[in-house]
Amino acid sequence: MAKKRTRLVERRTGQLKGEKILDISIGSVIYQLFSISNICKEIHVVQLTNASFKHFKQWLENDKGATDWSYTSKRVCHLESNRQEWKEKEDQLRKVIKGVYKWDNHETNSLSSKLVPQVDCVISLYILNVVSKTKDDFLRNLKSFTSTLKIGGQLLLFMVLNMTFYKVGSHRYFCLTLVEEDVQEVVINAGFIIEKSTLTKAVEPNDIVNYSHVCYILARKVKEV
């Protein structure tokens, strides 16, 4: 195992950088963007469903019916140990979000440069397990997600490992089951070198979602494939 990790992970010290960042994550979540807003000038967000697009826009426009993310912004302010109020943190994030786009991954193999500008960094949380049925789908979708990423730009990827299902209400949904080596292999085949790869074990079993670990990967794009 150690030899395989050494082969796949070519550099182990990486820091996220960039002025323009693209986020493609599951649902209308925004907690991953609060700290990111400290280091970038523009955030562009892609939503894959009408419902998530609507809910994200409601929060962005400070609509009264929007999802309340204040518990997250308060937590981020606490973790960052600064004097910034949670409302200021939310306003800061709203100011740097320059576009929200609706995209159907079944209609095209890549994000159009006419839809999303070229970016320095792509962030993706937990969505690739859901939209991919096979490893080939995973590779195709990852290449599509990062098609507007500059050469030398970074990918910050969060994946759940050994995941078999998740539930919404009484409905149980399929997820692509992968191990860490699968994810690393696909990232490299998509034209990246891996700067950092970390595993976090699942906290406790439950009947809503079944998985063993969360995998975090920071990678750098070195070529178009």
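Laboratory data are not the source of any read-out in this text; all were calculated from the coordinates shown. Every value quoted in this text rests on a predicted model; they were computed, and no experiment measured them. Neighbour counts run over all protein chains shown; Cβ positions are idealised from the backbone, glycine included.
Each listed q (0.07, 0.13, 0.14 Å⁻¹) maps to a log10 I(q)/I(0) for the chain, found by the Debye formula over equal Cα scatterers with no solvent: -0.22, -0.80, -0.94. Taking the fewest neighbouring Cβ atoms within 10 Å as the starting point, the ordered list for LEU155, LEU22 is LEU155, LEU22. The stretch between ASN189 and LYS98 holds 29.7 nm of extra length on full extension. This uses 0.36 nm per residue minus the Cα-Cα distance. Label-to-label distance, ASN62 versus VAL179, with points set 7 angstrom from Cα along the beta-carbon direction: 5.1 nm. The calculated FRET efficiency for VAL209 paired with GLN84, based on their beta-carbon distance and R0 = 35 Å, is about 0.60.
Result for the chain in a Gaussian network model with C-alpha springs under 10 Å: among HIS44, HIS55, HIS78, the largest mean-square fluctuation is at HIS78. Translational diffusion coefficient of segment 141-191 at 37 °C, 0.692 mPa s, Stokes-Einstein with Kirkwood Rh over Cα pairs, in µm²/s as a whole number. Diffusion coefficient, whole number: 255 µm²/s.
Of the beta bridges in the chain, as assigned by DSSP with both residues counted there, near 55 percent are antiparallel. Averaging 1/r over every pair of different alpha carbons in segment 108-195 and inverting the result gives a Kirkwood radius of 13.8 Å.
How high is the FRET efficiency between ASP91 and GLU19 when r is their beta carbon distance and R₀ equals 22 Å, given to the nearest 0.05? Write down the numbers at each step before the final one.
Details: r = 20 Å, r/R0 = 0.89.
About 0.65, to the nearest 0.05.
As a calculated quantity, the FRET efficiency between ASP136 and VAL222 at R0 = 25 Å, using C-beta atoms, amounts to about 0.70. In order along segment 20-28, phi translates into HN-Hα couplings of 10, 10, 10, 10, 10, 10, 6, x, 9 Hz, rounded to whole numbers, per the Karplus curve 6.51 cos²θ - 1.76 cosθ + 1.60 with θ = phi - 60° and x for Gly and Pro.
Name the residue from MET159, VAL100, GLN118 whose Cα lies farthest towards the positive end of the charge dipole of segment 64-203, charges +1 on Cβ of Lys and Arg and -1 on Cβ of Asp and Glu. Value: VAL100. Mean residue ellipticity, 222 nm, helices only, the chain: the sum of -39500 (n - 2.57) across DSSP H runs of n ≥ 4, divided by residue count and rounded to 500, is -8500 deg cm²/dmol.
Compute the whole-percent fraction of alpha carbon pairs in segment 155-225 spaced more than 19 Å apart. Percentage above 19 Å: 40. With 0.36 nm allotted per residue and the present C-alpha distance subtracted, the TYR31-ARG75 stretch has 14.9 nm of extension available. Normalised by 2.2 N^0.38 Å, where N counts its residues, the alpha-carbon radius of gyration of segment 40-96 equals 1.21.
A 32 angstrom limit on the alpha carbon distance is what I want to check against. Which of LYS143/LYS201; LYS98/LYS143; LYS64/LYS133 exceed it?
In this structure, LYS64/LYS133 lie more than 32 Å apart at Cα.
Each Lys and Arg contributes +1 and each Asp and Glu -1, all at the Cβ; summed about the Cα centre of segment 63-217, the dipole is approximately 420 debye.
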